[in-house]
Structure formats: C-alpha cells, structure tokens
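Just so you know, all these numbers are worked out from the coordinates, no wet-lab data involved. Fair warning: this is a prediction, and the values are worked out from it, not measured in the lab. Note that each Cβ is placed from the backbone with ideal geometry, even for glycine, and that neighbours are counted across all protein chains shown.
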Amino acid sequence: MLVDFFTYDFLRYTFFTGMLIGIIAPLLGTFIVVRRLSLIADALSHVTLAGIAFGLMMEKLFLIPIPALYSGMAFSVFGSVLIEKLRSVYNAYQEIAIPIILSGGVGLSVIFIAVADGFNTDLFNYLFGSVSAVSQNDFFMILTISIFVILVVAFFYKELFTLSFDEEHATISGIHAKSIHLLFIVLTALVIAASIRIVGVLLVSALMTLPVAAAMRLAKGFKQMMYLSILFGEISVIVGIISGYYLNIPPGGTIVMVSIFILLLSIGMKKFNFRLKKVRETG
Amino acid sequence: MMESVVSLKNVSYSYEKKPVLTSIDFEIPRGSFMGLVGPNGGGKTTLIKLMLGLLKPDEGSIELFGRPLEYVKDRSKIGFVSQKANTFNKGFPATVFEVVSTGLTAKIGYFKFMNKQHKAKILKAIEQVGMSEYAHQNIGNLSGGQQQRIFIARALVNDPELIILDEPTVGVDYENVKRFYELLHRLHDKNNITLLLVTHDTGTMTEHATDIVCLNKTLHFHGKPNEYTSLSEKDLSRIYGHPVNIVVHNH
Ligand SMILES: Nc1ncnc2c1ncn2[C@@H]1O[C@H](COP(=O)(O)OP(=O)(O)O)[C@@H](O)[C@H]1O
Ligand SMILES: [Mg+2]
C-alpha cells in the first residue's frame, strides 16, 4: 500500500514535507500554547491565505508567476510583525490584535481571490490541504525553513522558555523580551506558511496546538512536553497523510482527526493512571 | 562610611500625575536583613521596581553596589522574588529544575548552552532550600510554601549578594511561614546574603530582621526591630498617617 509514496515523486515530497512540519509545528506550538497565544496561529494562517491569493491574482492578471509558498510567507511574516506592533499599541488589550489581523487577512483574501476569479479547487486545496500540492522546489524551501527554525529554537531555547514561564522576571534579569518575541512570532509565521499546503489554512493551528494539548496531560516538565508533542505531531501527520491519500480526503482533515484521537487517548490515559494509583494507595 | 548594596538619594516617583513616593533617602547596608512594612498602596512595590530598574525615578538617584543603576549591566547580583510568585500559572508544565534554571538564563547569555557547572549550580540552589527530592517533579504539584522555596532557589542560583522579596508569604500557612523565615535566616547568617523583605506579618519578621523601614509615600520610620515593637499603637497610627522624623542609626 505504502508503495505509492515511494513510486510517485509528488507523494514522496508531500510525505517528507509532512514529516518536517510534524516536527516544527508542534515545536513552536509548545511555546504558543503555554503563552496562551493559540489564536495568533489562526490569525497568521488567514494572513498567509491572503498572500497565497495575492500570488494567484498576480499570475492571473499580470502573468507574473509568484510561487504561492513565497507570497504566503511574505504576507505571514509581515502579518506577524504587525501583530507584535498592535500588541504593544494595545498593551492592556493585547488579544485585540488577533481579530484585527484575522479579519484583515480574510478580507484581503476574498478580494484577491474574487479579482483573480479563482473560487475553485485550488482554493479548496489551500483551505483543507492537499497531498499532491508539494513540488520539489517547495520541498527544498520548506526543508530550509525547518532547519532554520530548529536551529533558532535550539539556540534561543533557554530565553524562549524563561520568557514563557515568567516574563517579568526574565525582563528584570536582562533578557530582551521584545526582540525575542519578535523573533519567535516571525518563526511562527514561517512555520505556518510552510505547513499550509499540507494541512490547509483552516487547520494549521490545530497541528500546532493539539499535539501540545495531548503532551501537556502526560509530561512532567517542559522539555519532555516538547518532545512528546513532536512525537504526537509526527504520528498525526504520517497517519493523516497516508489515510487521506487512500481515502481520498484532504489531509488537513485526517491529520487533525488523528491528533484529536491522540488527545482523547492521553486524557483517558491520565485518568486511568490516576485511578491505578488510587487503587494501589488504598491497597 | 558604611557600605551599602542599594542607596537611594532623594528619590521621587509618580504614576502619571499621582505622586507615590516623595524624597526617599534610603540605604540597605551590606549584611542587613531589612524588613519593609507599610500600608497597602504605600509604595513598597514601586520602590522595589525602582531599585530593579523597571521604573525610572522622576527625581533623585539610585546606586547599586556603589555605582549608578544605569551602569550596572550585570543584574545577577540581585535576586528577586515577586508577589506574583504566589499567583503564577500553576498548570505550567515545568519541573522544579527547569524553573530554577530560568534564573541562570541571562547570566549564561545568548547563543550559549547550559553546561555541567550550570546544572550543578541549579541542583545546589535547590538543595539550599531543602527541595532536592522534588527536583524533577512538576512545580504545579507542590504546595504554596514549597513553590515559594523554589522561587527563592531561582534567585539563589546566581549567588546574589542581595535578595529582594515582595510579600512572599501571602497565602502561605503559619507552619510554612515559620519554616520560610528559618530559611531566610539561614541564608542571611550562613551565606551572608543581604535581604530586603516586604511583608505584613510584622510579628514574625521583627524576630528575624536587623532593621525595619516603614513606608507610606515617604519613609516614616527607620530603626531596629525592638524600637519598632516598642512603638505604641498611637505612634503606629501616626506613622501610617503622616510623616515623623526618620530614626537615624549607626552600625
Ligand atoms: N502601574 C501603575 N499605574 C498607576 N498607579 C499605580 C501603578 N502601580 C501602583 N500604582 C499605585 O501606586 C500606589 C503604590 O502602589 P504599590 O507600590 O503597589 O504599593 P504597595 O506595594 O505598598 O502596596 C498605589 O496607590 C497604587 O494604586
Ligand atoms: Mg505591593
């Protein structure tokens, strides 16, 4: 059955790309979840859609081919910088940045798509992901992004963790909170742009948060949670892509359903462990 | 001249137009265990934020270890345990070891990784607060008093010369408050750490502190614990009401 994935180039690239985003999405997701920023991922994915739509429009109107990955990435990164800006402008109401960016992204997307006359299957693929959308070029770009993201997180791990745990204390001790936040949100934007072809705009934030939510139930510490999230992310992506392909369902749907299944298992397991402990204690 | 770790000269501060501190002259002598008391809203937390460089005084100057605060780049000599330590997100998935390690982040510096010595330091700080057996437990599973010890360990991990604690015992039960003071006492005596403690339990504090300062917009009292406890109720209400002369003291 799996033979298709090694026979057809496009499937192979999708598969490897899936394995990459299965690492980087939960990796950043760990910090996003503990900082309670899950909705920012959603806002950024909608801005990415606007970028993709912009690419489609340019191609349609002016015959300038801009690869969707690049225009999506450019919008996403720009959106992320804007969010940080808005968050400092509305210091007391930081979450207001999210609906502003999210609705802005959707508004722009609708306009670009309408102008490009492109409400078709292409759009459907962007919303829910596709197994056949990753080109060789895309793959190498996403590989580059992944290496970059993993290196930056490795080098700034202790700062990211310290800031997530206690921002005030981190600032007092001399960590440059603003710069690190900006760096982090730009990384998030890159990861979202990289993930969208496979998971789709509507479900990309799920891949960043659901594996983390499951890992949180089981892990004792932060690092352990990070590794578990990546493991769960990988399982979701691999099982999701393969089943999506054979069942002819967009992979966004199957990947998310696998992550939800893992989440339910982890909730059940914790309950089961808890009961076991009680039984042992009471003898 | 007496050596002081922090000295404030004629410091004033207002939030927008609301004056909170006026002409504060205040020194923390090296080796002292200073208790800072005063009514709620009296400006204690604000004073601490000024010392930590989180706020800039409108007037006056602040020195740390004999140098102007702006020039003291290395803040690791001051440990800080905030009021917030009681209200942090208890669900945060971190082990005791991981929490204490955050105290070292700035000192290790960017682009550098934690090494064996750092890890040994972290374990030692956890040992100093008597929490070794919990080093790899989730911090959320500990009691309030135990969590507070972990935040002390986070401050200790840098070998600070001064630790500032802002109402650390709020919400901690009596038995644990007692043990908490024993811990502070030990750090002060054995490790020669200067302490500045903001608190409301003046009863327990006067048994341990070497100096007491009372703040309500300005300094209203500065003296020894026995002088503070011998103040009559009338004196105290006067102190909490309007200014009296600062008690001058020599070591
Ligand atoms: N960020 C702030 N903005 C405006 N006013 C503040 C702020 N923080 C504190 N205050 C006010 O300053 C006064 C002193 O507060 P604070 O230093 O927290 O006192 P304490 O710690 O002694 O209870 C209070 O009246 C408080 O309402
Ligand atoms: Mg206070």
Over the whole of B:107-118, what's the average partner chain Cβ count within 10 Å per residue? Rounded to a whole number, please.
2
Compute the angle between helix B:116-128 and the longest alpha-carbon principal axis of chain B, please, reported from 0 to 90 degrees and rounded to the nearest 10.
60 degrees
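Rounded if a/c is under 1.5, else prolate if a/b is larger than b/c, else oblate: which is the protein assembly as shown, with a ≥ b ≥ c the root eigenvalues of its Cα gyration tensor?
The shape class here is prolate.
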For the protein assembly as shown, give the magnitude of the charge dipole about the Cα centre (Cβ charges: +1 Lys/Arg, -1 Asp/Glu; no others), in debye to the nearest 20.
820 debye
Under 16 Å from a label point 7 Å along Cα→Cβ of A:L247: give me every residue in segment A:9-29 with its amide N that close.
none
If the reach is capped at under 12 angstrom between alpha carbons, list the aspartates and glutamates near A:K271, excluding any in the same chain fewer than eight residues apart.
none
Can you find, among B:A120, B:G109, B:N158, the residue sitting farthest towards the positive end of the charge dipole of segment B:89-159, where Lys and Arg contribute +1 and Asp and Glu -1 at Cβ?
B:G109
Compute the angle between helix B:174-190 and the longest alpha-carbon principal axis of chain B, please, reported from 0 to 90 degrees and rounded to the nearest 10.
90 degrees
With r as the distance between the Cβ atoms of A:A92 and A:Q136 and R0 = 41 Å, compute the FRET efficiency 1/(1 + (r/R0)^6) and round to 0.05.
0.30
Would you mind checking B:K44/B:K178; A:K223/B:K119; A:K223/A:K270; B:K73/B:K112; B:K17/B:K217 for any pair whose Cα atoms are more than 21 angstrom apart?
B:K44/B:K178
Between A:G104, A:F10, A:L202, whose Cα lies farthest towards the positive end of the dipole of segment A:3-205 when Lys and Arg beta carbons carry +1 and Asp and Glu beta carbons carry -1, centred on the Cα centre?
A:G104
Can you classify segment B:61-111 as rounded, prolate or oblate using the Cα gyration tensor, where a ≥ b ≥ c are the square roots of its eigenvalues, rounded means a/c under 1.5, and otherwise it's prolate if a/b beats b/c and oblate if not?
oblate
Residues whose modelled amide H sits under 5 Å from the amide H of B:L55, counting only those 5 or more places away in sequence or on another chain, are B:L50
Placing unit charges on C-beta atoms (Lys and Arg positive, Asp and Glu negative, everything else neutral), compute the dipole magnitude of chain A about its Cα centre in debye, rounded to 20.
1140 debye
Positive end of the charge dipole of segment B:1-133 (Lys, Arg +1 and Asp, Glu -1 on Cβ, about the Cα centre): tell me which of B:P19, B:G130, B:S4 has its Cα farthest that way.
B:G130
Calculated [θ] (222 nm, deg cm²/dmol) that DSSP helices of n ≥ 4 give over chain B, each run adding -39,500 (n - 2.57):
-9500 deg cm²/dmol
Under the rule of -39500 (n - 2.57) per DSSP H run of 4 or more residues, summed and divided by the residues of chain A, what mean residue ellipticity at 222 nm is obtained, to the nearest 500 deg cm²/dmol?
-28500 deg cm²/dmol
Helices from chain A with mean Kyte-Doolittle at least 0.5 and a Cα length along the axis of 15 Å or more, per DSSP H: which?
A:9-34, A:38-62, A:68-89, A:97-116, A:136-155, A:177-199, A:204-218, A:222-247, A:251-282
Quick calc, B:R30 & B:T204: beta-carbon distance into FRET formula, R0 30 Å, rounding 0.05, result 0.80
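If the only charges are +1 at each Lys and Arg Cβ and -1 at each Asp and Glu Cβ, what is the size of the charge dipole of segment A:113-194 around the Cα centre, to the nearest 20 debye?
Details: 2 positive and 7 negative charges, 36 e Å.
Magnitude of the dipole: close to 180 debye.
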Output field shielding_mean for A:213-222 (other chain Cβ, 10 Å radius) holds 4
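By its C-alpha gyration tensor, with a ≥ b ≥ c as the square roots of the eigenvalues, how is segment A:3-205 shaped: rounded for a/c under 1.5, else prolate for a/b larger than b/c, else oblate? Present the calculation step by step, with values, prior to reporting the outcome.
Working: a/c = 2.40, a/b = 1.39, b/c = 1.72.
Since a/c reaches 1.5 but b/c is at least a/b, the shape of segment A:3-205 is classed as oblate.
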Compute the long axis of helix B:144-156 from its Cα atoms, compare it with the longest principal axis of the Cα atoms of chain B, and write down the angle in degrees, 0 to 90, nearest 10.
90 degrees
According to a simple spin-label model (label point 7 Å from Cα along Cα-to-Cβ), what is the distance in nm between A:L127 and A:Y70?
2.8 nm
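When you look at the Cβ of every residue in B:175-181, what mean number of other chain Cβ atoms sits within 10 Å? Mind dumping the intermediate values first?
On the way: counts 0, 0, 0, 0, 0, 0, 0.
Averaged over the peptide's residues, the number is 0.
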